[in-house]
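The values are calculated or read from the model by the stated rules, or taken from the named source; none is laboratory data. What you see is a predicted model, and the numbers here were worked out from it, not measured in a lab. Cβ placement follows ideal geometry from the backbone for every residue including glycine, while neighbour counts extend to all protein chains displayed.
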Amino acid sequence: MSRTLPLVTLTFREIASQRVYRILLGVLLLVPWLMLIPASLFMFDIGKVLIDLLFTALHASLLIFLFFMAAPLIARDIEQGSCHIFLTLPMRRGRYLSARFVGLIVALMPLFAAYALSASLTLTFAESHWAAFYVAPHSVPLFDYGAALILMPYLALTAVLFLIAAAATGLPETMVFLFSVWLLCWSLPPVLGALLQAEVAAKTPTWIGTLLQTVNQLLPDLSSSRISLYLAHGKKLGIEAVAGYCLQHLAYALLAMMLAVILFKRRDLT
Amino acid sequence: MRLAAVAGQIAVACLLLAIVAWGRSVSHFPSLVGASETLHWSPNQQLLDRAWAGAVPGIAADVAVLNIFNIYARARSQHGSNAPWRDQLYFELRSAQAMDPYFRDVYRLTEGLLAYEAQRWKEAVDILASSGPWLNSADPLLAASFIAHQYMHDDKLAIRLAYQAIKKPNASQLTIGFATALIRKRSGCKMALLFLETRLRTLPEQYRQGILLRMQRLRQSKACIEEERRQVPPLPE
C-alpha cells in the first residue's frame, strides 16, 4: 500500500501535467453551454435533445481520455520500459498495474466532475428558459445519474485497455485492438436489441443474428443506449436493472484486470 | 538578402491562399438531393442506424429531425407534386421514430409535414398510430384517427385509433368528442375545422402552411358551405 499510493499520485500528476488535459478541462466546461445552440433548433422536446447532446459529448470526452491520454501512458510505459523504474523498487507487477489503473481513474474524476457541474448549470439555465419544452422536469439529477451510469462501461473499457496493453507489442497495436473492441461494444448491443423486434427479425437472415450474438457473447455489454434514452425522457430505471448494470461493469473491469495481471506477470520485459 | 527571403515566403503563402480560395470557389459538387428518390424505408434500416448511433440512439433521432427541417426547407424551394423530398421525409421520420420512439417532435412533424404537406396519409397514420406503446399522450393517436377518417375515409381504422386515444391519461374533451362523433357517424365540416384549429395552435408558425391550406379548402368545400347554411336559423317572418 505504501508503494501503491505514490504511483497512483504519480499517474494522476503525469496525466494532469499534460497540456491537453488542461485544454480538455477547459473544453468540458465550455461544451455544455455550446450545446444550447443546436438544442434551440428543436420544437418541443428541447430538454430531451439537450440531454442527448450532453450525453454524446460525455461519451466523446471519455473516449478522448481513454484513447489519447490513458492508452499512450500505459502502452509507452511498457513499450519503453519506464515500468522498470517501479518494478525494480521492488513492486509486484500486479500492484503496478492496479496502481496505474486507479491513478487513471483518479485523473479522470476532475474532468468528469467539471463536465457534470457545467452541464448541470446549463440544464438549470435551459430549464428556466424553456420550461414549456421540458418533458422531464428536474433534469439536473436525471443527467447526473445518467452521467454516473455512463461512466461505468468506461471503467470496464479502461480495464480492457490494460488487458490489451499487457500483451501488445506497443502503442499502435494497443490502439488498434482497443479501437476494435470499443467499436464492437458500441455497435453490437444496439443492433442485437433491434434484432429482437419481430419486424426487423423477419427481414434479417437468421445466420446474421446468430453470428452477431456469438460475437457479443465474447465482449462485455458496454452499451448504455437504453439508459441515455430513458433518462432523457425522464423515465425511471428499475433499481434491480441499474444494480445489475453497475455490478456487471465493475465485475467485468475486475475480471479484465485480473487477466491483465496474469498476462503481464508472464511477459518478458527485457 | 533576408528581406528578399521573407518577401518570397509571403509571396508563396499568398499564392497558396489564392489557390485555396479558388479551389473552394470551384469545388461545388452537385447536391445528392435527387438520390433520395431511391430511399425506401425498411425495418432493418434500424440495424445500420443503431450500429452508428451505439450508446446514444437519441442523438441519431435528433439528427434525423434536423434532416427533416433541411428537407422541408429545400422542398419549399422546389415545386411539383412528385418532388423526391416526400420519400426522404418519410425515411427520416421512420429513422427517427425507430431510434427514439418517445420523441414527440417526430409525431408532430409526421402530422404537420408528412400528412398535411406531403399528403402521405397512410404512412403518416402508420407512424402516428405506432406511438401508442411509447407515449402517454393522446395527441398522435387522435391525429391519426382524424386523418384516417377525414382523408383516408377509413372509419373503422379511425374509430379504433380514437378508442386508443381516449384511453390515454391526457385525453381531452376534443378527443372524447371526436371519438363520439365518429362512432355516431356525425363528424362533419365544423368538427374538422375545429380539430384543425386545435392542431394549428400546437405548431410553430413556420410549419402552419399545410394546415392553413387544408382549412381554407375545407371552408370552401360544397359540403361545408351547405352544412353552415343548415345551421343558420331561418329569419323570422
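Descriptive notes on the structure:
- Residue within the stretch B:64-72 that is surrounded by fewer than 17 Cβ atoms within 10 Å (Cβ to Cβ) and modelled with pLDDT of 75 or more present: yes
- Among (1) surrounded by fewer than 20 Cβ atoms within 10 Å (Cβ to Cβ); (2) closer than 26 Å to residue B:48 by Cβ; (3) at pLDDT 90 or above; (4) within 13 Å of chain B (Cβ to nearest Cβ) - the single one residue A:151 does not satisfy: (2)
- The condition (being modelled with pLDDT of 90 or more and either over 30 Å from residue A:72 (Cα atoms) or buried (at least 18 other Cβ atoms within 10 Å of the Cβ) (or both)) is satisfied by just one residue among A:142, A:117, A:157: A:157.
- Selection status of residue A:54, within 14 Å of chain B (Cβ to nearest Cβ), crowded, with 21+ Cβ neighbours inside 10 Å and under 24 Å from the mean Cα position of the chain (by Cα): yes
- Selected residue (criterion: modelled with the lowest pLDDT) from residues of the stretch A:1-51 that are among the hydroxyl-bearing types (Ser, Thr, Tyr) and either over 30 Å from residue A:87 (Cβ atoms) or buried (at least 23 other Cβ atoms within 10 Å of the Cβ) (or both): A:40
- When residue A:28 is tested against (1) within 14 Å of chain B (Cβ to nearest Cβ); (2) of a type outside the set (D, E, K, R); (3) in a helix (DSSP H, G or I), exactly one condition is not met: (1).
- The sole residue among B:8, B:34 that is small (Gly, Ala, Ser), surrounded by 10 or more Cβ atoms within 10 Å (Cβ to Cβ) and either modelled with pLDDT under 80 or more than 23 Å from residue A:199 (Cβ to Cβ) (or both) is B:8.
- So residue B:44, is it at pLDDT 85 or above, within 14 Å of chain A (Cβ to nearest Cβ) and surrounded by 10 or more Cβ atoms within 10 Å (Cβ to Cβ): no
- Any hit, the stretch A:162-175, residues being among the acidic types (Asp, Glu), surrounded by 14 or more Cβ atoms within 10 Å (Cβ to Cβ) and under 15 Å from the mean Cα position of the chain (by Cα): no
- Elements of type helices (runs of 4 or more DSSP H) contained in the stretch A:160-270, each with 2 or more residues being within 14 Å of another protein chain (Cβ to nearest Cβ) and closer than 24 Å to residue B:48 by Cβ: A:171-195, A:198-202, A:206-218, A:225-232
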